[in-house]
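First up is the structure itself, then whatever we jot down about it.
The values are calculated or read from the model by the stated rules, or taken from the named source; none is laboratory data. Owing to the predicted nature of the structure, the values given are computational and were not obtained by experimental measurement. Quick reminder, even Gly has a Cβ in these numbers, built from the backbone with ideal geometry, and neighbours come from all protein chains shown.
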Amino acid sequence: MQRRSFLKSAAALAATPALASLTQGAAQTLPAIPTPAPHRFPQNFLWGTATAAYQVEGAVHEDGRGPSIWDTFSHTPGKTFEGQTGDVSDDFYHRYQGDVALMQRLGCKGFRFSIAWPRVFPQGTGTPNPKGLDFYKRLLDALNAAGIEPFCTLFHWDLPQALQDQGGWTNRATSHAFADYAHYTVSQLSDRITHWMTTNEFDSFIDGGYGSGENAPGLQLPRRELVAARHNAVLAHGLGVQAIRAAATRPVLVGLAEDISGCMPAIEDAAHIHAAEIALREENAQYITVILEGRYTDKYLRDLGPDAPHFTPEELKTISAPIDFLGINIYTTQEVVPAEAPDGYLIVPRPATYPHMASDWLFINPQAIYWTPKLVSSLWGVKTLYITENGCSSDDVLRPDGKVLDSDRVMYLRNYLAQMQRGVAEGIPIRGYFLWSLLDNYEWGSGYSKRFGITYVDFKTETRTPKLSYDFYREVIAKNSVV
Ligand code: BG6
């Protein structure tokens, strides 16, 4: 229902003397309005979709896979929505060929996926399981045949349970185990994969897993231990970068995928932009700032006091090992205004009426995909960026005519892509975009209650139904522009 309209009818406008000349025969006298340039992307812009192992694969007991912390967590009563697990999920392990065909029909040229550490090393370390890697070889062959470039994440939260039994990320040994796993995997697959990412979203698997406890392993540790786990995770990234380079049998490109805590100026003026830059650096001090700068910020260490991490200069050097590209996962952002010293910025508290998508954390702010990459490149001079995730949850309905008309997701994507185009046109070095997600899948603690796919999945029959947003994205890719 249209509740209110501020638009006056043409007749009413013409009745206003001052406006009459604008509405009567003005078209003959005014010069033609030039057609604006289409909102195009560069010719080699890489369009893709993204998934993660535990969220799509299923087949948790097949071919020697060991248990991960997400198996344990999701099978623990009360931890996930209605006790739902990733045991079967999209059954991608068996249906990957059909899903690669879905990507091909979409016109995608890139696919971001993750390798399940417990398929490769069922106990986290020790003897590798060749059958686990065989699955990824089959997948890579199918992608190659379809002309789709793989972007591989080595760790998307599914830590082998055996490592958690020894403390997980609170134990420094896990950082070294990760490097060994990375080394072995890259030695086996670098002939087929050029783009490697160490980890996905530190905050989600560290602060979510060991702080709030909403993600596996579901712990709520004292701050000092949480901070130590953060340090072990960034160290694992750095050791992983070194291991990937050492193991690769041909030139590869190394990066990571990070959901940088987004900060944007509430108003676009110099003072607000400056405040947003300060905020971005400080709000990400524990992860991307230390990785890109090789130091924790003074504020981070000061605020933590006795709980601050213990580290050596050598560790900081490892953590900040040079990377070739940075992947940013963009869902939302926070508005920043300038404030007094010592911080110099204030994150605006989220007003209650701020709009969000089906997930209550997914606040809609298309400028996120403009400002976060812009500030990252201006602050740290990053030369190659990928949007490694962007998308949204919607309350999708499979209609009796077999269609899913997710116009809200189309609205979300159209606006975010338009802002990304604005950034690319200005020279922000975004080289590609991976939409989250190709398929509805297991959304961690939310189970199957939140759908992020551009393809609807009936989890009883595993039937795939491309949604309206799939058609929209196919058009964007085909035209290489967004309007
Ligand atoms: C990102 C993750 O945080 O957001 C994905 O990398 C995840 O794995 C996506 O599925 C959506 O988040 P959530 O928590 O609603 O599943």
(request) Kindly indicate the residue of the range 73-110 that is over 22 Å from E389 (Cβ atoms) and polar (S, T, N, Q) and also surrounded by the most Cβ atoms within 10 Å (Cβ to Cβ) among those meeting that condition. (result) T85
(message) So, restricting to helices (runs of 4 or more DSSP H) that lie completely within the range 128-244, which ones have at least 1 residues that are farther than 20 Å from P67 by Cβ?
(response) 130-145, 172-189, 202-205
(message) Only one of I364, I454, I430, I369 is closer than 20 Å to V56 by Cα and among the β-branched types (V, I, T). Can you tell me which?
(response) I454
(message) Being crowded, with 17+ Cβ neighbours inside 10 Å, within 27 Å of R224 (Cα to Cα) and free of Cβ contacts under 8 Å to residues at least 60 places away in the same chain: is that true of L316 here?
(response) yes
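Of these, A275, A270, A308, A279, which one is away from the ligand (no atom under 16 Å from the Cβ), under 26 Å from N171 (Cβ atoms) and of a type in the set (A, V, I, L, M)?
Values: A275 fails: under 26 Å from N171 (Cβ atoms); A270 fails: under 26 Å from N171 (Cβ atoms); A279 fails: under 26 Å from N171 (Cβ atoms).
Just one listed residue meets the conditions, A308.
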(request) May I ask you to list the residues in the range 18-60 that are hydrophobic (A, V, I, L, M, F, W, C), part of a helix (DSSP H, G or I) and at pLDDT below 95? (result) A18, L19, A20, L22, A26, A27
(request) Sort out which residues of the range 426-483 are away from the ligand (no atom under 11 Å from the Cβ), crowded, with 23+ Cβ neighbours inside 10 Å and small (G, A, S), and write them in order of number. (result) G432, S469
(request) Could you check M264 against (1) in a loop (DSSP other than H, G, I, E, B); (2) hydrophobic (A, V, I, L, M, F, W, C); (3) away from the ligand (no atom under 16 Å from the Cβ); (4) touching a residue at least 60 places away in the same chain (Cβ under 8 Å) and say which number it fails? (result) (1)
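For A285, indicate whether it is at negative phi and away from the ligand (no atom under 16 Å from the Cβ).
Yes: the conditions hold for A285.
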(message) Given the criterion within 16 Å of the ligand (Cβ to nearest atom) and out of contact with any Asp or Glu (no Cβ under 9 Å at 6 or more places or on another chain), identify the matching residue among D191, D207, D158.
(response) D207
(message) If I filter the range 152-171 for residues that are farther than 26 Å from H61 by Cβ and over 23 Å from the mean Cα position of the chain (by Cα), do I get at least one hit?
(response) yes
(message) Between a residue in the range 428-447 that is within 18 Å of Y370 (Cβ to Cβ) and any residue that is within 11 Å of the ligand (Cβ to nearest atom) and of a type in the set (S, T, Y), which pairs come within a Cβ distance under 7 Å, given they are 6 or more apart or on different chains?
(response) F434/T388
(request) Residues being crowded, with 22+ Cβ neighbours inside 10 Å and of a type in the set (G, A, S): count how many of those fall in the range 111-145. (result) 4
(request) Take the range 448-483 and flag every residue that is farther than 22 Å from M357 by Cα and aliphatic (A, V, I, L, M). (result) I477, A478
(request) Considering only the range 146-169, state which residues are closer than 15 Å to G209 by Cβ and buried (at least 20 other Cβ atoms within 10 Å of the Cβ). (result) F155, H156, W157, D158, L159, P160, Q161, L163, Q164, G168, W169
(message) If I go through the range 348-385 residue by residue, how many of them are assigned to a helix (DSSP H, G or I), aliphatic (A, V, I, L, M) and loosely packed, with under 15 Cβ neighbours inside 10 Å?
(response) 0
(message) Just the residues that are touching a Lys or Arg at 6+ places or on another chain (Cβ under 9 Å) and either within 14 Å of T49 (Cα to Cα) or free of Cβ contacts under 8 Å to residues at least 40 places away in the same chain (or both), please, taken from the range 453-483.
(response) G453, I454, T455, P466, S469, Y470, F472, R474, V476, I477
(request) Filter the range 241-270 for residues that are more than 25 Å from E389 (Cα to Cα) and of a type in the set (V, I, T) and give the result. (result) T249, I267
(request) Tell me which residues, restricted to the range 210-232, are more than 16 Å from the ligand (Cβ to nearest atom) and among the aliphatic types (A, V, I, L, M). (result) L219, L221, L226, V227, A228, A229
(request) Tell me which of these L405 doesn't satisfy, since it passes every other one: (1) outside any helix (DSSP H, G or I); (2) more than 16 Å from the ligand (Cβ to nearest atom); (3) crowded, with 21+ Cβ neighbours inside 10 Å. (result) (3)
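Working only within the range 61-86, note down all residues that are farther than 20 Å from S449 by Cβ and in a loop (DSSP other than H, G, I, E, B).
H61, R65, G66, P67
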(message) in contact with a helix residue (DSSP H, G or I) (Cβ under 7 Å, 6 or more places away or on another chain), under 28 Å from E443 (Cβ atoms) and more than 16 Å from the ligand (Cβ to nearest atom): which single residue out of A247, A236 fits that description?
(response) A236
(request) Exactly one condition in (1) surrounded by 20 or more Cβ atoms within 10 Å (Cβ to Cβ); (2) aliphatic (A, V, I, L, M); (3) touching a strand residue (DSSP E or B) at 6+ places or on another chain (Cβ under 6 Å); (4) within 30 Å of A52 (Cα to Cα) is not met by V234; state its number. (result) (3)
